[in-house]
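Here is the structure we will look at.
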Amino acid sequence: MRPEAAAEFEVVNPATEEVIGVVPVAPAAFASEAIAAAQAGFGVWAATDVEARARMLERLAQAMEDHRSQLSELTSAEIGTPVKDAATGQVDLPVRVLRSYADIARKYPWDTRDAAGSAVVREGAGVVVAITPWNFPVHQIIAKLAPALVAGCSVVLKPAELTPLNALFLAALCESIGLPPGVFNVVTGKGSVVGEALLQSDGYEVVSFTGSLQVGRHVGEVAGSKVARAALELGGKSPAVVLDDADLTTAVQTTVRNCFVNAGQKCNAPTRLLVPRARLDEAVEIAGEVAGSYVVGDPSDPATTMGPVASAAQRDVVTGFLDRARSDGARVVTGGETQQWERGYFLTPAIVTDVSRSAEIAREEVFGPVLVVMAHDGEEDAVALANDSDYGLSAEVWSGDPGRAARLARRIKAGQVRVNGVRTPELPVSPFGGYKRSGIGRELGELGLDEFVEIKAILGDPFVGEE
Ligand code: NAD
């Protein structure tokens with residue numbers, strides 16, 4: 001970031017409400033400069049070979065590991081997630097993603113032949129505009145940066161207003177490991193100003209956006225008008241379907257814990273727990289017990305299991321949803337309380353039931369620690385209910401019969417379905433992304449790399465390199 005930005009904004013710790021940093025507010029005029037810097041960076045970076053790019057990713061992974069405590073404490077202070085979760089989610093996971101892309105790059109079909117003998121060459125598409133949200137800030141940056149860099153692209157990143165410090169920290173690490181200037185550029189400021197100016201710029205080929213449906217629609221429209229590619233990772237209202245032969249206790253306990261990771265600010269959180277009608281009361285009771293067992297408080301305390309939500313505005317969004325649900329006739333079994341804290345944007349995790357299928361709380365993304373428990377009337381009804389959503393980011397299925405679970409998973413309209421509580425594997429290479437209004441395109445793994453790659457067919461290519 002150039003130092004002469006006209007204004008600055010404060011980054012606030014959501015647990016203490018203290019200012020933990022000040023960053024420049026880039027004016028719109030910075031967008032074209034950042035794109036120009038990235039174009040120059042692309043010229044240099046695209047000319048490097050794949051092995052050099054893969055090694056750069058490995059160096060960044062090592063640098064992040066070397067700064068694990070610093071980066072996790074910084075991220076925890078920015079977003080409020082317990083520091084131990086920040087270490088695993090915002091350092092260890094992105095490190096694995098970086099290393100996975102170094103491996104993928106070494107095996108990727110960069111230069112192949114089609115059935116007619118023509119060369120099919122894959123190369124970096126050009127300058128990438130990356131726009132990220134605040135909830136898993138480092139992971140979301142690396143999920144774009146790693147495949148973009150290994151493809152040979154350069155990047156202009158506009159991180160979320162709430163969480164710019166980790167992005168600047170990453171940029172400093174990139175500089176320290178020798179990434180050439182102009183290859184990774186960070187512009188801090190308002191989405192509606194410098195984010196919009198980046199989108200409206202000429203000179204980028206890909207925009208990779210993670211955030212809300214509302215802004216994502218707009219990003220897609222602008223990119224479309226420029227005939228630039230847009231990869232959109234948007235929201236979700238993901239179901240966890242529990243069949244009658246599942247172990248109810250395990251299914252409910254695991255779903256609640258998964259839903260409340262990062263105080264529920266997780267795009268793929270299973271926020272709709274769908275259980276057999278005969279077992280609804282039992283499921284609500286188990287869910288209430290798990291929710292009540294959370295230790296909500298100081299994210300730097302190792303005993304804490306849930307920190308605050310990221311901002312006062314986000315806390316008010318969550319309590320607003322709960323208030324409207326109550327007046328709509330829903331029962332908030334436990335949670336949603338804010339009054340015991342004088343400082344910090346804390347609220348206790350909530351379990352909601354007695355909701356109709358058309359209720360706002362059953363259909364809209366809350367993006368906070370709120371789980372809705374609903375009844376289904378058998379497998380057919382469960383599939384219909386799971387798919388009755390504008391979103392389709394992720395889903396969970398639970399059954400005592402693996403074959404039945406696998407068949408059910410195939411009927412759910414979601415980009416990622418997890419069977420019987422399986423979690424992110426050691427190497428996160430499974431594609432992640434949405435059906436329906438949850439987005440366009442995929443992140444992670446080889447399919448995530450495809451988003452940043454352009455394809456050229458060379459007809460009549462004289463088989464250079466194969467002789
Ligand atoms: P948001 O859409 O408000 O903001 C996302 C980013 O877009 C921010 O950096 C913001 O500054 C920028 N932005 C806003 N207006 C812009 C404009 N006109 N032009 C360019 N950039 C603009 O989302 P948020 O509140 O930061 O994040 C929460 C949302 O993100 C939730 O809906 C959540 O589901 C979604 N999300 C999705 C995924 C996924 O992978 N599918 C992951 C995490 C979060």
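Data overview
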| item | result |
| --- | --- |
| Tilt relative to the chain, helix 280-292 - C-alpha long axis, 0 to 90 degrees, to 10 | 70 degrees |
| Helix axis angle, 137-151 relative to the chain longest principal axis, alpha carbon, degrees | 30 degrees |
| Per-pair calculated FRET efficiency, R0 = 22 Å: Arg423 and Asp377 via Cβ, rounded to 0.05 | 0.15 |
| Dipole magnitude of the range 1-127, debye to nearest 20 (Cβ charges: Lys/Arg +1, Asp/Glu -1, about Cα centre) | 660 debye |
| The chain - convex hull of the alpha-carbon atoms, volume per residue in Å³ | 149 Å³ |
| Per-residue [θ]222 nm for the chain (sum of -39500 (n - 2.57) over DSSP H runs n ≥ 4, rounded to 500) | -11500 deg cm²/dmol |
| Rounded tilt (10° steps) of 165-176 against the dominant C-alpha axis of the chain | 30 degrees |
| Within-14-Å neighbourhood charge of Leu459 [Cβ basis; K, R +1; D, E -1] | 0 |
| Listed pairs Lys144/Lys266; Lys144/Lys413; Lys237/Lys436; Lys107/Lys158; Lys436/Lys456 exceeding 21 Å between Cα atoms | Lys144/Lys413; Lys107/Lys158; Lys436/Lys456 |
| Formal net charge of residues neighbouring Arg331 (Cβ-Cβ distance under 13 Å; K, R +1; D, E -1) | -3 |
| The range 360-467: trypsin sites (Lys or Arg not before Pro) falling in loop per DSSP and having at most 10 other Cβ within 10 Å | Arg423 |
| Counted charge near Cys267, where neighbours are those whose Cβ lies closer than 13 Å (Asp, Glu -1; Lys, Arg +1) | 0 |
| Overall Cα dimensions of the range 306-444, principal axis frame, Å, largest first | 49, 37, 29 |
| Order by protection proxy (mean Cβ within 10 Å, highest first), peptides 92-99, 15-22 | 92-99, 15-22 |
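Laboratory data are not the source of any read-out in this text; all were calculated from the coordinates shown. All of these numbers come straight from a predicted model, not from anything done at the bench. All Cβ positions, even for glycine, are placed from backbone atoms using ideal geometry, and neighbour counts span all protein chains on display.
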